[in-house]
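Peer 1: Sharing a structure here in structure tokens format.
A short reminder: the numbers here are calculations on the coordinates, not readings from a lab. It should be emphasised that the depicted structure is a prediction, and the values quoted were computed from it without experimental measurement. Here Cβ is always computed from backbone atoms with ideal geometry, including for glycine, and neighbour counts include all displayed protein chains.
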Amino acid sequence: MRLFRTLFMFAIITSLITGTVSASSAEDSSSDKETKPTAEAHNYLYLIKKDGKYGYINQSGKIVIEPVYDGGSRSFSLKPNEPVQVTDNKQKTIIYFSAEGTKLFECPQTRCVGIMQNERVIYTEQVEGADGQLQKRYGYLNAQGEKVTEPIFHKAREFSEGLAVVTIGKGSGYINTDGKLVIPYQFSSAANFSDGMAVVGYLKKSKEGVTIKYGFIDKTGKPVIPARFNYADSFTDGAARVSSEGTYGFINKSGEFLFEPNYTAVQPFSEGLAYVERNGKSFYIDKQGKRATMNVSSGGPFSNGLAPVQAGSSFGYINPQGAYAIKPTAAYSYAESFRGELAVVELRENSKKKTPAMKAYINKTGAIVWNNIEDEKWRS
């Protein structure tokens, strides 16, 4: 089911478009044209490609950043009012823009490696190691392109909720936006904060060998849920999906299961509902574990009151009551969750209308806001 396999990895997945280098975890992986700000209170920007060049529109379909650049950061802002980036291959620069379309600063493509979150950007430099050899290290810049930290980290993640995962040697910890280490380098693995908590991993020795067990910490670094899970995902909507015995379930912030963990696959909760699979059937449940919708072929997270679902070979959107808000149509071969007021859908080739397969943005009525997005790198 290619439809929804990565839709809710918001904090850690970066889908990059031609001409940029970016990663949610560094090492895990010029135009003078200005634009006028928009007046929207919650600005999401959406990447477009026109005549081979990239720019961004707002949720009304109005161009905010002109499509004159060689690449863009991702198909849309992760959160409202977050900056985006474009690339100018001729000048070999990455250009950061605010959500209103104001240019913030430019950075050499070989230096900046991350999107901007919490007004911080990851950069990289070659520094001399103890053995005299040059080694790649990471640091952070602010929204003006000025250094917040020196390039001392072996790995670095983008900021989330005011903290970022950084690694030196084999240990990971967290820094604040001033670059101060607030949670020491003590974890074998660490994820971004979400809902005030973060998944961390600890090496555990047993007769079977060395494994990693996952638990949760708060923003002081205090363990709040013991590391007892073989798999754990970030908290969203007050619940986290976990697994220990091969099946999946959800826990609350006290570490208690919401209901019996007997699902073969689950999506995180969003807007009070979660997509689950069990006994060959797929549907949505509420936080009491009660079925909330009819069976669907596959489904994605709710966002802005709608969730994308597959019914047979058709795709549409349901509301939290399980009723279709946008009826399944064979015209869609792919559909994503809404981000703000728009969602990406893939339109099938239409031989009668002589239109090729293409991606488009639709609004909550199903009307196309921007046709022919023209790019193949939307999904991880």
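Peer 1: Using per-residue counts of other Cβ atoms within 10 Å, averaged over each peptide, order 53-59, 175-181 from highest down.
Peer 2: Details: 53-59: 23.0, 175-181: 15.1.
In descending order of packing, they fall as 53-59, 175-181.
Peer 1: Across 5 Å bins from the origin, how do the percents of Cα pairs in the range 296-379 run, short distances first?
Peer 2: Final binned percentages: 3, 16, 28, 26, 18, 7, 2, 0.
Peer 1: So which lysines can Lys90 reach, going by Cα to Cα under 20 Å and dropping same-chain residues fewer than 8 places off?
Peer 2: Lys33, Lys49, Lys50, Lys53, Lys103
Peer 1: Return the Cα extents of the range 85-173 along principal axes one, two and three, sorted largest first, each rounded to a whole Å.
Peer 2: Principal-axis extents of the range 85-173 (Cα, largest first): 44, 33, 17 Å.
Peer 1: Compute the label zone of Asn279 within the range 236-253: residues whose backbone N is under 18 Å from the point 7 Å along Cα-to-Cβ.
Peer 2: Answer for the range 236-253: 247-249.
Peer 1: Can you give the percent of C-alpha pairs in the range 192-295 whose distance is more than 24 Å?
Peer 2: Result for the distance tail: 25 percent.
Peer 1: Now a separate question. Hand me the tally of lysine pairs in the range 192-295: alpha carbons under 16 angstrom apart, and the pair either on different chains or 8 or more positions apart.
Peer 2: Step by step, the pairs that qualify in the range 192-295 add up to 6.
Peer 1: Scale the Cα Rg of the chain by the rule-of-thumb value 2.2 N^0.38 Å and send over the ratio, two decimals.
Peer 2: Ratio of Rg to 2.2 N^0.38 Å for the chain: 1.03.
Peer 1: I would also like to ask the following. Please give me, ordered by residue number, the trypsin sites (Lys or Arg not before Pro) of the range 183-269 that lie in loop per DSSP and have at most 14 other Cβ atoms within 10 Å.
Peer 2: Working: sites: Lys204, Lys205, Lys207, Lys213, Lys219, Arg228, Arg241, Lys253; in loops: Lys207, Lys219, Lys253.
Answer in residue order: Lys207.
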